[in-house]
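One structure is given below, encoded as structure tokens.
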Amino acid sequence: MSSILQQIEDLRNEAINCQKCDLAKTRTNVVFGEGNPETPLVIIGEGPGANEDATGRPFVGRAGQLLDEALRECGITRKHVFICNVVKCRACIIEAGSIKNRPPRVEEVEACFPWLLKQLEIIKPLVILSLGAPSANVIIHKDFKMTKERGLWFETPYANAAIAALHPSYVLRQMSQGYPEARDLLVKDIESARRKVIELKKQISNK
């Protein structure tokens, strides 16, 4: 096992026992992340939902299926990237006897961020693709405006370059007329991230 793989595995073993915030009381599983820790491309969402909480894997519901489809259209599989979330445990609320997802609170994001930071320090990606504004708020800058800044490249302390794309869940919520365009934008931004990786690799090899 390579040093990077071992470091990620050691970190995973620490994270699955995390008790740093109240989400530990309601979670089924810590959704640490999966894929190739030696990748140049890391994909980061906001947090796990019900399917992810149940399985311990990121992006496994309908949004995950759409993400996999979009990745494949760009010649990418989960084996080529590392996929994780800003928050590793499901944020939820009980309403009328049913459990529903909710946005993570500021204190929950702050408590969980060190795990993401350690992941990125180990992986050292060239490119980060943030899925949705909440992820971009953490990785790119606060108050990220998806309508204006989606698909643009930014400097970030966590990688050589970062870009934000529409979250697959958002794409799925679009009405029939808006869905194809939103889906095309997701694929376009993933392809842009793939090309940026190639560009940066060439720059590094030419130095």
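Things worth noting here:
- Descending Cα extents along the principal axes, the range 122-162, whole Å: 30, 16, 14
- Taking amide H positions as modeled 1.01 Å from N, with prolines and chain starts lacking one, no residue 5 or more places away or on another chain lies under 5 Å from residue 18.
- In this structure the amide hydrogen of residue 92, modeled in the peptide plane, comes within under 5 Å of the amide hydrogens of 102, none closer than 5 places in sequence on its chain.
- Binning all Cα-Cα separations of the range 91-133 at 5 Å, short to long from zero, yields these whole-percent fractions: 5, 17, 16, 21, 17, 12, 6, 4, 2.
- Selected from 93, 123, 44 as most flexible by GNM, with the chain as the system and alpha-carbon contacts under 10 Å: 93
- Evaluated at q = 0.15 Å⁻¹, the base-10 log of the normalised Debye intensity for the range 67-118, with identical point scatterers placed on the Cα atoms, takes the values -0.64.
- The range 7-85-the range 145-187 distance, computed between alpha-carbon centres (Å): 18 Å
- Base-10 log of normalised Debye intensity for the range 29-87 (one unit scatterer per alpha-carbon) at q = 0.17, 0.19, 0.28 Å⁻¹: -0.50, -0.62, -1.23
- When the surface is traced with a 1.4 Å probe over the full set of protein chains, residue 147 keeps roughly 140 Å² accessible.
- Considering only alpha-carbon pairs that sit under 8 angstrom and 6 or more positions apart, the relative contact order computed for the chain is 22 percent.
- When you restrict to C-alpha pairs under 8 Å that are six or more residues apart and normalise by the size of the range 5-87, the relative contact order lands at 38 percent.
- Calculated FRET value between residue 17 and residue 198, using beta carbons and R₀ = 41 Å, to 0.05: 0.60
- One quarter of the surface of the convex hull around the alpha-carbon atoms of the range 65-152 equals 7.7 nm², the direction-averaged projected area.
- Cα→Cβ-extended label distance, 7 Å offset, between residue 101 and residue 28, nm: 1.4 nm
- Exceeding the 24 Å Cα-Cα cut-off - candidates 88/202; 79/188; 88/196: 88/202; 88/196
- The range 88-207: projected area of the alpha-carbon convex hull, averaged over directions, in nm²: 9.3 nm²
- For the peptides 189-196, 114-121, the ranking by mean Cβ contacts within 10 Å, running from highest to lowest, is 189-196, 114-121.
- Computed over the range 1-99, the P(r) tail beyond 19 angstrom holds 45 percent of alpha carbon pairs.
- Residue 28 accessible area, assembled protein chains, probe 1.4 Å, Å²: 90 Å²
- Legend: calculated FRET efficiency, residue 73 to residue 117, from the Cβ-Cβ distance at R0 = 25 Å, rounded to 0.05, equals 0.20.
The values are calculated or read from the model by the stated rules, or taken from the named source; none is laboratory data. Model, not experiment: these values are computed from the prediction. In this analysis, Cβ positions are derived from the backbone assuming ideal geometry, glycine residues included, and neighbour counts consider all displayed protein chains. SASA here: full protein model, heavy atoms, side chains in, ligands and nucleic acids out. Shrake-Rupley method; radii C 1.70, N 1.55, O 1.52, S 1.80 Å.
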